[in-house]
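The values are calculated or read from the model by the stated rules, or taken from the named source; none is laboratory data. Every value quoted in this text rests on a predicted model; they were computed, and no experiment measured them. Virtual Cβ from ideal backbone geometry, glycine too; neighbours counted across all protein chains shown.
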Amino acid sequence: MTRYAHVVGWGSYAPPQVLTNADLERMVDTSDEWIRTRTGICERRLAGEGETTVSMSLQAARRALEVAGLRPAQLDLIIISTVTPDHAFPATACLVQDALGASHAAAFDLSAGCSGFIYGLSIAAHLLSAGAYQTALVVGAETLSRITDWSDRATAVLFGDGAGAVVLEVGENEGGVLSTLLGADGSGGDLLRLPAGGSKAPPSHRTVAERQHFIQMKGREVFRFAVKKLPEITREVVERAGLSLGDVSLLIPHQANQRIIDAAVRTLDLPPGTVYTNLERYGNTSSASIPIALSEAAEAGRIHPGDLVVCAGFGAGLTWGAAAIRWSRPHPAPPPRWLQFLRRMRYPLAAARSALRRLLRWLTSLGVRDYLDGEKR
Ligand code: UT7
């Protein structure tokens, strides 16, 4: 039997705090006009106090599971793509696994810049098709505001925070993730980077004084790379699926710059309305940008069962990735309130179970469990 990895759930989360171009005019030497015309961005969302990549991933994941109609315990695999994890370790995915109560899922993070979500989708789809797993949750989530230099106008105007997620499930019907394409060119690693905080330059007074814990980007060079790469990978992933550009129902590109997207559309000669953009509201959310756009498009009824959706991203690394997906399901109507309430109750229960596990671990460390086990015998 051929196994197809279908996208059966989707969801996104954008923090409520909005930073407009007018706000940025008061922070750095820029203008609303420059930002709009050079990037297409009007506003972006910023994580509030207490919000992190884990908390935003969790929100998006819960919504995606809701759409999929799956329980967290039915998940076999969780992949979270991020360049802004809560910690270097443990992985963001493990903390999300615990908070969801996805007790049977393997979990790991991956770092592939703005292409990360496509990397995660491709890995998950291949593992499902190969028979390793039945279900997977793939999340792209970023808290870029915490690594943005708010005094650097070249980058401060670009980035935002948020999370998007999809749930994949194996099915026998032909469709789902039809083809993927991944690539990298590390010779461009210096074009977009976070210089310090890793093993090469651990945090020190010097790295802080030199502002090395913030994003550094050679924008013009990344722009040139992106304008060439985006149409190239879109075309190639469609061909790999044995289809042509005329079959594409919706292109969901990485939301970095409207000019990059417009150039790709021109090169590919796609009809108007074939591209989904939301970067005017969120800016560039790195690996969250494609899953947020994909979820929004599905919720807005822009994607229908049978549609061919192509996602294509590029970013730090340099990396690139694309996926051609035959859409399987319509966006479901919201379940009745009582069911929503019951489903929401899963998460406090997951927190209670996690707390119990910690307690048992603590008791074990005190030797109490050994004592109790001895008593039983
Ligand atoms: O998601 C990962 C991938 N990242 C990207 O795809 C980003 C790709 N790059 C870009 O989107 C664009 O290169 C930027 C939006 C970052 C910059 O646009 P640009 O048209 O390439 O501008 P530029 O860097 O060539 O700068 C043009 C001018 C410069 O002034 P001079 O040297 O001509 O006097 C900059 O100093 O614009 C100036 N500038 C600004 N002016 C007002 C740069 N940033 C700003 C700003 N406000 N925020």
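Numerical summary
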read-out: Qualifying position, being in the same structural domain as Glu142 (by TED's automatic domain parsing), touching a residue at least 24 places away in the same chain (Cβ under 8 Å), out of contact with any His (no Cβ under 9 Å at 6 or more places or on another chain) and among the aliphatic types (A, V, I, L, M), among Leu251, Leu194; value: Leu251
read-out: Among (1) assigned to a strand (DSSP E or B); (2) free of Cβ contacts under 8 Å to residues at least 40 places away in the same chain - the single one Gln97 does not satisfy; value: (1)
read-out: Lone qualifier among Gly198, Gly131 - being outside any helix (DSSP H, G or I), on the phi > 0 side of the Ramachandran plot and not charged (D, E, K, R); value: Gly131
read-out: Leading residue by the ranking (nearest to the ligand (Cβ to nearest atom)) among those in the range 69-120 that are of a type in the set (Val, Ile, Thr) and within 19 Å of Thr285 (Cβ to Cβ); value: Val83
read-out: Residues within the range 23-38 that are over 22 Å from Phe223 (Cα atoms) and near the ligand (Cβ under 6 Å from one of its atoms), tallied; value: 0
read-out: The lone exception for Gly40 - which of (1) over 30 Å from Asp262 (Cβ atoms); (2) out of contact with any Pro (no Cβ under 6 Å at 6 or more places or on another chain); (3) among the small types (Gly, Ala, Ser) it fails; value: (1)
read-out: Leu230 being over 22 Å from Phe159 (Cβ atoms) and either touching a helix residue (DSSP H, G or I) at 6+ places or on another chain (Cβ under 8 Å) or within 12 Å of the ligand (Cβ to nearest atom) (or both); value: no
read-out: Helices (runs of 4 or more DSSP H) completely within the range 248-329 that count 3 or more residues being within 11 Å of the ligand (Cβ to nearest atom); value: 258-268
read-out: Qualifying position, being modelled with pLDDT of 95 or more, buried (at least 24 other Cβ atoms within 10 Å of the Cβ), closer than 28 Å to His6 by Cα and not small (Gly, Ala, Ser), among Cys114, Cys94; value: Cys114
read-out: Yes/no for Arg71 being among the charged types (D, E, K, R), closer than 30 Å to Ala263 by Cβ and surrounded by fewer than 20 Cβ atoms within 10 Å (Cβ to Cβ); value: no
read-out: Ser151 within 15 Å of the ligand (Cβ to nearest atom) and part of a loop (DSSP other than H, G, I, E, B); value: yes
read-out: Condition met for Ala323 (out of contact with any helix residue (DSSP H, G or I) (no Cβ under 6 Å at 6 or more places or on another chain) and modelled with pLDDT of 95 or more); value: no
